[in-house]
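First comes the structure, then the notes that go with it.
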Amino acid sequence: MGRAALKLHSASSQIAYWEAGQLWIVNFLTRRTFATDPVTFELLRYFCLPRTIASAIPAFKTYSPESVTAAILQLIDAQLLLEHGSPEWRRDQFLASSWKPWLPEGGFHFVTKDTPFIPESWPIEEKMKVLPATPAPRQFKTARGARVVRLPAARAERDSFFETVHARRTHRQFAKGKMSLEDIATLLQTTWGVQGYFETNVFGKLPFKTSPSGGARHPGEVYLMALRVAGLAPGMYHYQAKDHRLARLPTKVSPRRASAYCADQLYFAGASALFIMTAVFARTMWKYGRGRAYRVVLLETGHFCQTFCLTATRLGLAPFSTAALKDTLIEKDLGIDGISESVLYVAGVGLAVRPYEPALAGSVGQVAPQPR
Ligand SMILES: Cc1cc2nc3c(=O)[nH]c(=O)nc-3n(C[C@H](O)[C@H](O)[C@H](O)COP(=O)(O)O)c2cc1C
């Protein structure tokens, strides 16, 4: 079939915005951004129904057939026009239908995936150049003109809860050896396990966990990348929260792969295990049909991570967390589509090195400037 007869469809995953007098269009699924002009929108609107190039030429008769064809071909190259029925079109449609209640706001989730990170190998001077030339903002706020009330000193509690809360640190160095499967089980059950159920009038039986969840929808899932665990074969596992079991996935694992997942942060290759947090968005979306609920899903991973870090600390282990992730690589390895279920956050744990040495934090996770 010639190009003129191809059925084309505008990508649904598009957002346009103005910046410094220039109109930009971004496809948040492909994460490609293009300078454009208002005329382009006429073409994109025309192809909101599946149509052919041949039919577009008479519809835009104020322009020459050559210029209409050239503009359409450019839009095809840019994946702003998709071939009706192609895999790219199907993925675009899948996003549009499964995220419908949270679009366009939810485009933020997709456009911020797979952000490039500065390689660890860059010299520190090069890394520093990425920072703004202006000084860092003040670390603390003082409300001007407000009356100040002195507080009593916090009680010097000596029970294990307060000791644990105060002892939590991000670890980036790990001792050699294997952690126990019992500790893995404790981390999983305490952080992600179902602690019980409660009956509701409208929504039936709902689970509760140690972390709160908006509407008790519990969109979170967790996958265990076991690297150095005594009594558990290295591998990728899905945690079945309902019955506290691990289901082994066919994915191959290695310390190098663990580091790759965390945007090539080499120190995390020394970890015993990664805990890869994802969300099944529909669980929350089903009840909360406004884009704001996307925030709820993100907030919940923060709850999990803190519980995880505190539990690991209490167990004498060395926890860490990172949001610098290679999303698509992880999602492929987990066998999830990255649309209905997507990776959000990774926590990990290793054997502690004593005494704890804080490493220079955040030198790697800086985001490189975005090329357009
Ligand atoms: C959302 C989030 C993302 C983070 N990402 C990274 C990361 O990519 N690499 C890293 O080494 N630490 C990361 N950290 C850890 C912080 O650097 C660390 O919390 C901070 O330096 C304070 O140290 P502390 O956790 O020991 O109190 C992250 C922390 C949070 C909350």
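None of the figures in this text is laboratory data; all of them are computed from the coordinates on show. The structure presented is a predicted model; accordingly, all values stated were derived computationally and were not measured. Methodologically, a virtual Cβ is constructed for each residue, glycine included, from the backbone with ideal geometry; neighbour enumeration extends over all protein chains shown.
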Response to the item:
Counting only residues 5 or more apart in sequence or on a different chain, those whose built amide H sits under 5 Å from that of His84 are Lys7, Leu8, His9
Worksheet item: Placing +1 at every Lys and Arg Cβ and -1 at every Asp and Glu Cβ, with all other atoms neutral, what dipole size does the chain have around its Cα centre, in debye to the nearest 20?
Response: 860
Discussion item. Could you sort the peptides 311-322, 271-282, 108-119 by per-residue average Cβ neighbour count (10 Å cutoff), highest mean leading?
Written reply: 271-282, 311-322, 108-119
Discussion item. Tell me which of Ala56, Val194, Pro38 sits at the most positive position along the dipole axis of the chain, charges placed on C-beta atoms (Lys, Arg +1; Asp, Glu -1).
Written reply: Val194
Worksheet item: Check Ser342: other-chain or 5+ apart residues with amide H under 5 Å from its amide H, H built from backbone geometry?
Response: Ala279, Phe281
Fill in: Rg to Rh, two decimals, where the chain supplies the alpha carbon set and Rh follows Kirkwood
1.04
Worksheet item: What percent antiparallel are the DSSP beta bridges of the chain, to the nearest 5?
Response: 95
Fill in: Rounded to 10°, Cα long-axis angle of helix 87-98 versus longest principal axis of the chain
60
Discussion item. Given N residues in region 57-173, what is its alpha carbon radius of gyration divided by 2.2 N^0.38 Å?
Written reply: 2.05
Practice prompt. Tabulate in residue order the Karplus-calculated ³J(HN,Hα) for region 229-237, using 6.51 cos²θ - 1.76 cosθ + 1.60 with θ = phi - 60°, rounded to whole Hz; enter x for Gly and Pro.
Written response: 10, 5, x, 9, 4, x, x, 9, 10
Fill in: Computed [θ] at 222 nm, deg cm²/dmol, the chain (DSSP H ≥ 4; -39,500 (n - 2.57); rounded to nearest 500)
-9000 deg cm²/dmol
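Taking a 27 Å limit on the Cα-Cα distance, which of the listed pairs Lys7/Lys287; Lys205/Lys332; Lys7/Lys100; Lys129/Lys176; Lys100/Lys332 fall beyond it?
The pairs that break the limit, which is 27 Å between Cα atoms, are Lys7/Lys287; Lys205/Lys332; Lys129/Lys176.
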Worksheet item: Roughly what angle does helix 181-192 make with the longest principal axis of the chain, taking Cα atoms, 0 to 90 degrees, to the nearest 10?
Response: 60
Worksheet entry | For a label point 7 Å along the Cα-to-beta-carbon line of Glu126, residues of region 245-280 with backbone N under 19 Å | 260, 263-267
Worksheet, complete the sentence: quick shape note, region 225-316: Cα extents on principal axes in Å, largest first -> 43, 28, 27
Item to complete: For the chain, find the longest principal axis of its Cα atoms and tell me its angle to the long axis of helix 65-77, 0 to 90°, nearest 10.
Response: 10
Fill in: Rounded to whole Hz, the Karplus (6.51, -1.76, 1.60) HN-Hα couplings of region 207-217, x for glycine and proline
x, 10, 10, 6, 9, x, 9, x, x, 6, 7
Item to complete: Mind putting together the pair-distance distribution for region 180-241? All Cα pairs, 5 Å bins, whole percent per bin, short to long.
Response: 4, 16, 24, 20, 14, 11, 7, 4, 1, 0
Fill in: Net dipole in debye of region 246-351 [+1 Lys, Arg Cβ; -1 Asp, Glu Cβ; about Cα centre; nearest 20]
180
